[in-house]
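What follows is calculated from the coordinates using simple rules that are stated; it is not laboratory data. In this text the structure is predicted, and so the values were computed from the model without any measurement. Counting neighbours? That spans all protein chains shown, and the Cβs are built from the backbone with ideal geometry, glycine included.
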Amino acid sequence: MSLRVYNTLTRKKEEFTTLEPGVVRMYVCGPTVYDEAHIGHAMSAIIFDMIRRYLEFKGYEVRHVMNFTDVDDKIIDRAQRTGQDPLQLAQGHIDRFQEHMAALNILPPTHTPRVSQTIDEIIAMVSDLIAKGYAYESEGDVYFRVRKDDDYGKLSRRKIEHAVSSDRQRFGDELKEDAADFALWKAQKAPHEPAWPSPWGMGRPGWHIECSAMVRQYLGPTIDIHGGGNDLIFPHHENEIAQSESCNAAPLARYWIHNGMLQLRGEKMSKSIGNMVTVTEFLRHHPADVFRILVLGSHYRKPLAYDDEVVAQAARALDRLRSGLRPPTGALSTGPEAEHLLAAARQARERFQEAMDDDFNSAGALGHLHDLVRAINHARDLGVGGEPFARAQETLRELAGVLGLKLADSTNATSDAEPFIELLIEVRTEMRKLKQWAVADTIRDRLAELGVVLEDSRSGTTWHWQN
RNA sequence: GGCGACGUAGCCAAGUUGGUUAAGGCAGAGGUCUGCAAAACCUCGAUCGCGGGUUCGAGUCCCGCCGUCGCCUCCA
């Protein structure tokens, strides 16, 4: 089975092949760390985590690099206002971001470079661009000469004139030869701005050059996948292409993958607009798996509208997936019922891969997981157990794992309460034997109010925390 | 204004290189099970934004229109 991937560069789904057999070089644009991450950032990270996990599932070694932009105007502004050191402020947000990623079960990238640690490579690249005539120095700044790059605009399908006309109105930048040119290096203008020595004086990198430098340093001149949010297509990725390809004379990336935006109240979730839900806030109320299901239940390229309703739906869908992992009640391990279950597991595995092979159709894949859940639950009702049941559940666990879902019980780790809950269940069981229904129901109702859900079955009473 | 994406049942959503009965989830209805409930299982819902066109045949291709969103400035 072969993987097909939608490439923003060609606007088509293409057969996926790698530069080097068995190895995927993937670079994903990470956050500018001037503030706490919101779930839009988390959504992007989850999507590329899913892509990475699936590529690994298919047997690839994935070299995954994600940057942290820790030198930037907004960070400098924020630090200035709060009286902090910019790099320290960034460091704090990087630490928190990584905690969030771990909490969301996102695999750590192979490398997470930062601008402040990539200065040498950046300076080398800028110097090279100047030497090749693609860039020029102007009073300590260095700009990229956009007109010199013939295929500028090929990713965003934009004409240079358009970039210029809107640009010119805002910045009548006299330092540039042309309004369309963008900064590779910015001269230091105030003492509180972080700055490094360079051939053009003290200064700091422009926004786009960091990614070009990091890609080259960690993955080489050409990579397989370059990803990020679709809001980065222009100007960021366009400019990365311009810099890298002009400098290296090689294509920057073979496949460009962009995720859609998370929307809140009809608008893109964004720090600058101020409509956002932070990762902390989300995780305070829901397990990480709920957000995964929410994100992966929709196609990665489509915008995703976020509201309480879809969160509730995702939480219920998670419950349903988990129901497939409950233990068997019988021990029937041969016969048509058992065979049926094994066939369902094989089919789920096949269809899961077919869906994922089609441009990472995680929503379709999730649907096939639900089919498997129903088959498992049905088999349980028919008394299937033993080896076949265990194998079907293992398939479910494995495929869910490829999507990064843990499906673990959200036992709120309030283990202190467990003995008391068990005790109450014991008492209630006695009451039920004596047909003291009113007492038994009161215990069940009161526990439910505390978030403990009881379920009676032939084999006894089980309980779990409510999501 | 320019570039791009999207519009499938009450809600979320897959399917769009045209072709048997348009996945799956949530909510809802009925049923099995249960002391009752929950969970699980079984059954039930859409002709695919609107209007044309191409075709033996279109949700799936083409044209037009309407609507939503993104980018064009920092942004996952």
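Taking amide H as placed 1.01 Å from N in the peptide plane, A:A135 has its amide H under 5 Å from the amide H of A:I130, A:R145, each at least 5 places away in sequence or on another chain.
Between A:R326 and A:L19, what length comes free when the chain is fully extended (0.36 nm per residue of separation minus the Cα-Cα distance, one decimal in nm)?
Residue separation times 0.36 nm, minus the Cα-Cα distance, leaves 106.2 nm.
Divide the volume of the convex hull around the Cα atoms of the range A:230-276 by the residue count and you get 72 Å³ per residue. Taking amide H atoms as placed 1.01 Å from N in the peptide plane, the amide H of A:A253 lies under 5 Å from those of A:I223, each 5 or more residues away in sequence or on another chain. Computed from Cα positions, the angle between helix A:86-103 and the longest principal axis of chain A comes to roughly 30 degrees. The longest stretch of chain A left intact once loop-based GluC sites (Glu not before Pro) with at most 16 other Cβ atoms within 10 Å are removed from consideration, loops following DSSP, is A:178-467. Taking 7 Å steps out from each Cα toward its Cβ at A:E398 and A:Q98 produces label points 3.3 nm apart.
Each eigenvalue of the Cα gyration tensor of the range A:415-465, multiplied by 5 and square-rooted, gives one semi-axis; in descending order these are 17, 12, 10 Å.
Helix A:39-57 and the longest principal axis of the Cα set of chain A meet at an angle near 80°.
Between A:L87 and A:E430, what's the calculated FRET efficiency when r is the beta-carbon distance and R0 is 51 Å? Round to 0.05. In this case the efficiency is close to 0.20. Each Cα pair under 8 Å and six or more residues apart adds its separation to the average, and for chain A the resulting relative contact order is 16 percent. Taking amide H atoms as placed 1.01 Å from N in the peptide plane, the amide H of A:G227 lies under 5 Å from those of A:Y27, A:V28, A:C29, A:I257, each 5 or more residues away in sequence or on another chain.
Once the convex hull of all Cα atoms in chain A is built, its volume per residue stands at 160 Å³. Considering all C-alpha pairs of the range A:226-370, those separated by over 28 Å amount to 41%.
Each residue of the range A:260-273 was assigned a 3J(HN,Hα) from its phi angle through the Karplus expression (A = 6.51, B = -1.76, C = 1.60, θ = phi - 60°), giving x, 8, 7, 10, 10, 6, x, 9, 4, 5, 7, 4, 5, 6 Hz with x at Gly and Pro.
Computed about its Cα centre, the charge dipole of chain A is approximately 920 debye, with only Lys, Arg, Asp and Glu carrying charge at their Cβ.
Here the range A:4-279 is treated with +1 on each Lys and Arg Cβ and -1 on each Asp and Glu Cβ, and its dipole about the Cα centre works out to around 860 debye. If the chain linking A:L382 and A:T461 were pulled fully straight, counting 0.36 nm for each residue of separation and taking away their Cα-Cα distance, it would gain 26.5 nm.
Please compute the contact order of the range A:415-465 in relative form: average sequence separation of alpha-carbon pairs under 8 Å and at least six residues apart, divided by the residue count, as a percent.
This gives 21 percent for the range A:415-465.
The trypsin sites (Lys or Arg not before Pro) found in the range A:170-247 that occupy coil by DSSP, while having at most 15 further C-beta atoms within 10 Å, are A:K189.
Largest first, the extents of the alpha carbon coordinates of the range A:306-402 on the three principal axes equal 45, 29, 17 Å. Mean sequence separation of contacting Cα pairs (under 8 Å, at least six apart), scaled by the length of the range A:4-279, corresponds to a relative contact order of 24 percent. Against the main long axis of the alpha-carbon atoms of chain A, helix A:362-381 sits at an angle near 10°. On alpha-carbon atoms, Rg over Rh for the range A:4-279 using Kirkwood Rh? Value, to two decimals: 0.95. Look at the dipole of chain A built from charges on Cβ: of A:M356, A:F16, A:Q91, the Cα furthest out on the positive end belongs to A:M356.
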